[in-house]
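First the structure, in the form of structure tokens, and then the observations on it.
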Amino acid sequence: MFFLARLFLQVLKLFKHFHCILLLWLVVLLLIAAGFFLIRAQLRYRYNFGVPGPAPHFLTGNSAEFASAPRHIVVAEMHKKFGSTFVTHIPLGLVSIVFTRDPVISHYLVKNMEDFPTRNRTGFGFAQFMPLGLLGDIQGEQWRFHRRALSPLFSDRYLRWYTQAVNEELEGLQSYIQKKVGSFVDIHNALTLFTFDVIGRVGFAARFKALGNPNHPMLRGSNDMLASVVSTRPQFLQGEVYTKGKAGRDGFDPIVNAILDRKDALEDDEAKLNMLRAMQEAVDPQTGKKLSRDEIRDEIVTLLGAGHETTANTATWALYLLSRNPEVLAKVRKEADSLQDASLGKGLFEFDQLPSFAYLKQVVFETLRLYPTVPMFPRLAVRPIELKMQDGGTLSLPKNTMIFAESNEFAPGDIRDPEVFRPERFDPASPLYDAAVDDKTKFMPFGGGGRVCLGQRFAEMEAVQMVAAVVSQFDLVPDPARPPVEYCDVTLGPKESGLWMKVTERK
């Protein structure tokens, strides 16, 4: 027994000794890793990108600048200081980020998917919570397969049915606003809830009823995920942003699974043209392959995240601009009144009528020029590459450099009075027409190239329907005590301030 006790004590001593050695090695490894990251940071900071940029801090890079104000405002100020293209860095030199409004570079980004096939790297920002759908990190043949499988969802056959579904939901929106007549209402919040109901209805035959439930867990999860998308920091540096993003994605899971299991579906005869069924039945004409359950799940999350807030922001800004420009509002109402069918509700229109909204479409695109839904779109360089710039210079990108191109890249002099809300600049028959707005390298409200927004036509139609339905029935006056404040994570909207407007019956 005594021998066993001594042996046990010796083992404890050895274990303690081994524990100390192990701890020492861990400290050494941590110091080596820290040194590696510091050296990498300095090498990346000193890399000759060929363009200027703010001087990075030894450890934190340019994080302080981006923490000082909303990202799009910081970028705009840096453009004034450094020109059309500049480079920034995040902590430890892990990622360098280039921002550009150079149309030559943007044209290359959207046209050459072999060099810029993806939006981000796995484990950072966009890719860590967003699914591997068309908006995520898929590329190559998988991306082409998803694109082919989802393209039919936005054909005339489907859009015609979507228009009917939107009209039915619009009656609920009009009723919601009608109850607010004589008081102030947050129009942005109402339209966000409405578009969330629409994407649930036309996308998955699901009745979310978010307009009557602003705390719907799916909507809350979507907002938390979007807040995490803009981060290009690794997980251990994200703190609350990472926690919210993960919670948002986790909150999606049971509801998305319920959608896949058809638990929230309408009756089949009412839902025969919803996007979910189309994805379940889609067969790739080239390979005969079908989307797996996981692939459909990823596209559901993509459509929910991208299919509601974007259009709500556009319609919100359009109503705000119309309220401040009564002469434009009068033209919109005249157009809507001339197209109104007495058999439909006030402000509701059929699919075949929507192409006739020429002026209201110009209003929508002028809104997108002033308030782009997605001000910047990201790409990741998968190899070292040098890009020629409009001014003749060269932008040198090392592998794994993030580059953000702006959706509106008008140079001074491209358009007249750029700060003025003037829908006629989109009308080739008008003397106020600006040809630059038709330049797809300078104005890309829905992106460009192979990754151009697949749902562009639906987004345009829904925005026209929403604005027409509201202005046909109501007068809206902004609350001077609560002006809208721009906020940008992925999309640009008055997300924190809202858009508070006084509602009255149309005179």
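The values are calculated or read from the model by the stated rules, or taken from the named source; none is laboratory data. Because the structure is a prediction, the values reported are computed rather than measured. Using ideal geometry, Cβ is built from the backbone for each residue, glycine included, and neighbour counts are taken over all protein chains shown. Only protein heavy atoms, including side chains, enter the accessible area calculation; ligands, DNA and RNA are left aside. Shrake-Rupley method; radii C 1.70, N 1.55, O 1.52, S 1.80 Å.
Tabulated results
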| read-out | value |
| --- | --- |
| Residues that are without any contact (Cβ under 8 Å) to a residue 60 or more places away in the chain, of a type in the set (A, V, I, L, M, F, W, C) and over 21 Å from THR491 (Cα atoms), drawn from the range 63-98 | ALA64, PHE82, PHE86, VAL87, LEU92 |
| Residue match in the range 353-361 (condition: crowded, with 21+ Cβ neighbours inside 10 Å, under 26 Å from ASP479 (Cα atoms), touching a residue at least 12 places away in the same chain (Cβ under 8 Å) and over 26 Å from the mean Cα position of the chain (by Cα)) | no |
| The lone exception for ALA33 - which of (1) at pLDDT below 85; (2) open to solvent by 70 Å² or more (accessible area, probe 1.4 Å); (3) over 22 Å from LEU397 (Cα atoms) it fails | (2) |
| Cross-chain or 6+ apart pairs with Cβ under 6 Å, the range 400-414 first and under 13 Å from ALA381 (Cα atoms) and part of a loop (DSSP other than H, G, I, E, B), then open to solvent by 20 Å² or more (accessible area, probe 1.4 Å) and modelled with pLDDT under 90 | none |
| Where a residue in the range 470-492 is over 12 Å from ILE187 (Cβ atoms) and in contact (Cβ under 8 Å) with a residue 40 or more places away in the chain and its partner, wherever it lies, is of a type outside the set (Gly, Ala, Ser) and open to solvent by 80 Å² or more (accessible area, probe 1.4 Å), with Cβ under 8 Å and at least six apart | SER472/LYS346; GLN473/LYS346; GLN473/GLU505; TYR487/GLU496 |
| Single condition SER68 does not satisfy, out of (1) open to solvent by less than 70 Å² (accessible area, probe 1.4 Å); (2) touching a helix residue (DSSP H, G or I) at 6+ places or on another chain (Cβ under 8 Å); (3) closer than 18 Å to PHE86 by Cβ; (4) at pLDDT below 80 | (1) |
| Check on GLN174, outside any loop (DSSP other than H, G, I, E, B) and open to solvent by 30 Å² or more (accessible area, probe 1.4 Å) | no |
| Residue that is of a type in the set (D, E, K, R), open to solvent by less than 40 Å² (accessible area, probe 1.4 Å) and at pLDDT 90 or above, where the choices are GLU419, GLU424 | GLU424 |
| Out of ASP115, ASP156, ASP137, ASP102, sole residue that is modelled with pLDDT under 80 and either among the charged types (D, E, K, R) or under 30 Å from PRO412 (Cα atoms) (or both) | ASP137 |
| Exclusive hit being touching a residue at least 40 places away in the same chain (Cβ under 8 Å), more than 22 Å from the chain's Cα centre (by Cα) and over 27 Å from TYR320 (Cβ atoms), set ASP427, ASP391 | ASP391 |
| Boolean, LEU291 is open to solvent by less than 30 Å² (accessible area, probe 1.4 Å), farther than 28 Å from LYS209 by Cα and either among the hydrophobic types (A, V, I, L, M, F, W, C) or at pLDDT 75 or above (or both) | yes |
| Failed condition for LEU370, given (1) open to solvent by less than 30 Å² (accessible area, probe 1.4 Å); (2) within 24 Å of ALA468 (Cα to Cα); (3) in contact (Cβ under 8 Å) with a residue 40 or more places away in the chain | (1) |
| Residue in the range 451-462 that is touching a helix residue (DSSP H, G or I) at 6+ places or on another chain (Cβ under 7 Å), open to solvent by 70 Å² or more (accessible area, probe 1.4 Å) and either at pLDDT below 95 or in a loop (DSSP other than H, G, I, E, B) (or both) present | yes |
| Out of ASP439, ASP391, ASP414, sole residue that is of a type in the set (Asp, Glu), buried (at least 16 other Cβ atoms within 10 Å of the Cβ) and at negative phi | ASP414 |
| Odd one out for GLY392 among (1) in a loop (DSSP other than H, G, I, E, B); (2) touching a Ser or Thr at 6+ places or on another chain (Cβ under 9 Å) | (2) |
| Residues of the range 415-450 satisfying the condition of being closer than 22 Å to VAL490 by Cβ, in contact with a Phe, Trp or Tyr (Cβ under 6 Å, 6 or more places away or on another chain) and outside any loop (DSSP other than H, G, I, E, B) | GLY447 |
| Residues within the range 183-200 that are more than 26 Å from ALA481 (Cα to Cα) and either open to solvent by 10 Å² or more (accessible area, probe 1.4 Å) or at pLDDT 85 or above (or both), tallied | 5 |
| Filter result for the condition that a residue is farther than 19 Å from ASP298 by Cβ and either of a type in the set (A, V, I, L, M, F, W, C) or at pLDDT 75 or above (or both), over LEU226, LEU266 | LEU266 |
| Residue count for the range 463-507, restricted to those that are aromatic (Phe, Trp, Tyr) and open to solvent by 10 Å² or more (accessible area, probe 1.4 Å) | 2 |
| Some residue of the range 182-196 being farther than 18 Å from LEU319 by Cβ, touching a residue at least 60 places away in the same chain (Cβ under 8 Å) and of a type in the set (Val, Ile, Thr) | no |
